[in-house]
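Undergrad: Here it is, the structure, as structure tokens.
The values are calculated or read from the model by the stated rules, or taken from the named source; none is laboratory data. Not measured: the values here are computed from a predicted model. Note: ideal-geometry Cβ built from the backbone for every residue, glycine included; neighbour counts use all protein chains shown. For accessibility, only protein heavy atoms count, side chains too; no ligands or nucleic acids. Shrake-Rupley method; radii C 1.70, N 1.55, O 1.52, S 1.80 Å.
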Amino acid sequence: MSSTLRDFASAAVQSKRIRFGDLRRLKRDILPARITTREEVEVLIALDAVIERADREWRSYLIATVRDFVVWGLSPVGRVDRQKAEWLVAVLSSGVARKTARILAHEVAREAHHVDDTLVIFAAGRRRKSTLPAARLTAALPEAEP
């Protein structure tokens, strides 16, 4: 993960919000092309779980960016196999708002050519307990200073 994403996450955790300018900087300077690693997805999902206020476009950006990475940025491209589905369900079960998690899972399932049942079941609203340690998701996010 780049230090700029780490800095962005740190600032958002401390202020507990993502403003219009913050989101614009994230799109333009920090992740201008797309998400490139699973760790970046995990940081954005963990960040969504801790912020209290966000620009109205944040959720749309998060969903579209993660969807595109999962479907088109990870092998096998265009497909969500069992391994990819289990990872995504674990990440989404670890903190993102339930509504956002279901929308994101549904968007991934809609975009992909083939989707493993694990993700389909999750998108339908039946949750499973996360197998991804919560500490792994929040490890990259610094603690908010009092």
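Undergrad: Looking only at the range 65-87, which residues are open to solvent by less than 70 Å² (accessible area, probe 1.4 Å), within 26 Å of residue 28 (Cα to Cα) and assigned to a loop (DSSP other than H, G, I, E, B)?
TA: 74, 78
Undergrad: If the requirement is being free of Cβ contacts under 8 Å to residues at least 24 places away in the same chain and out of contact with any Pro (no Cβ under 6 Å at 6 or more places or on another chain), which of these qualifies: 101, 97?
TA: Exactly one residue qualifies, and that residue is 101.
Undergrad: Condition first: out of contact with any strand residue (DSSP E or B) (no Cβ under 9 Å at 6 or more places or on another chain), open to solvent by 80 Å² or more (accessible area, probe 1.4 Å) and of a type in the set (Asp, Glu). Now tell me which residues in the range 22-54 satisfy that.
TA: 29
Undergrad: Condition first: assigned to a loop (DSSP other than H, G, I, E, B), out of contact with any strand residue (DSSP E or B) (no Cβ under 6 Å at 6 or more places or on another chain) and crowded, with 20+ Cβ neighbours inside 10 Å. Can you find one or more residues in the range 96-104 that meet it?
TA: yes
Undergrad: Might you check whether a residue that is at pLDDT below 95 and either in contact with a Ser or Thr (Cβ under 6 Å, 6 or more places away or on another chain) or open to solvent by less than 30 Å² (accessible area, probe 1.4 Å) (or both) occurs anywhere in the range 14-21?
TA: No, because not a single residue in the range 14-21 is at pLDDT below 95 and either in contact with a Ser or Thr (Cβ under 6 Å, 6 or more places away or on another chain) or open to solvent by less than 30 Å² (accessible area, probe 1.4 Å) (or both).
Undergrad: I'd like to check something: does the range 78-86 contain any residue that is within 19 Å of residue 9 (Cα to Cα) and among the β-branched types (Val, Ile, Thr)?
TA: The answer is no, given that none of the residues of the range 78-86 is within 19 Å of residue 9 (Cα to Cα) and among the β-branched types (Val, Ile, Thr).
Undergrad: Looking at the range 34-64, which of its residues are closer than 17 Å to residue 103 by Cα and assigned to a loop (DSSP other than H, G, I, E, B)?
TA: Matches in the range 34-64: 56, 57.
Undergrad: Now for a separate question. For the range 18-33, enumerate the residues that are within 16 Å of the chain's Cα centre (by Cα), part of a helix (DSSP H, G or I) and not charged (D, E, K, R).
TA: Passing the criteria: 23, 26, 30.
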